[in-house]
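Step one of this worksheet: look at the structure below.
What follows is calculated from the coordinates using simple rules that are stated; it is not laboratory data. Everything numeric here is computed off the predicted structure, so don't read it as measured data. Here the Cβ is made from the backbone with ideal geometry for all residues, glycine too, and neighbour counts use every protein chain on show.
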Amino acid sequence: MNCSIELNGMRFYAYHGVYDSEQHIGQWFLVDLRLVWSASPDDLASDRLEKTLNYEIAREIIARQMEQKSRLLEHVAWRIQKALNQSYPQISAGQIRISKQHPPFDSYLKDVTVQLDF
């Protein structure tokens, strides 16, 4: 059977953006994650962390990727997906959403979000 886990509203101060000022000054980002994997009834009945996805480790993986500067949020999302799949090959699908909280535009814009479905 399929299981999923969601980590929503993870907040990181990071240095992503096309403009040099974004790479130097940084800004706040929100990251939402959904991971899907197949689990057997025995896995679920075991009540053991190693039989599931440890969301603490998933959050640490995301934090490490958010620390690395990138110009494009799409690239950050791709790196996160790649790192998660390396740690958890049982992931069969997922979604990563990265929102830049204050994009550098003259007019007000709440955020800009990139979503990667895999």
So G9, is it surrounded by fewer than 17 Cβ atoms within 10 Å (Cβ to Cβ) and either assigned to a helix (DSSP H, G or I) or of a type outside the set (S, T, N, Q) (or both):
yes
Consider only pairs whose beta carbons are under 7 Å apart and that are at least six residues apart or on different chains; among these, list those whose first residue lies in region 19-44 and is of a type in the set (K, R) and whose second residue is assigned to a strand (DSSP E or B).
R34/S4; R34/E6; R34/G94; R34/Q95
Report the residue count in region 34-66 for those that are more than 30 Å from M1 (Cβ to Cβ) and of a type in the set (D, E, K, R).
1
Given (1) surrounded by fewer than 14 Cβ atoms within 10 Å (Cβ to Cβ); (2) aliphatic (A, V, I, L, M); (3) farther than 18 Å from M1 by Cβ, V31 misses just (1)
Can you pull out every residue in region 91-117 that is closer than 14 Å to L30 by Cα and either without any contact (Cβ under 8 Å) to a residue 12 or more places away in the chain or among the β-branched types (V, I, T) (or both)?
I96, I98, P103, K110, V112, T113, V114
When you scan region 34-71, how many residues do you find that are out of contact with any Lys or Arg (no Cβ under 8 Å at 6 or more places or on another chain) and either assigned to a loop (DSSP other than H, G, I, E, B) or crowded, with 16+ Cβ neighbours inside 10 Å (or both)?
15
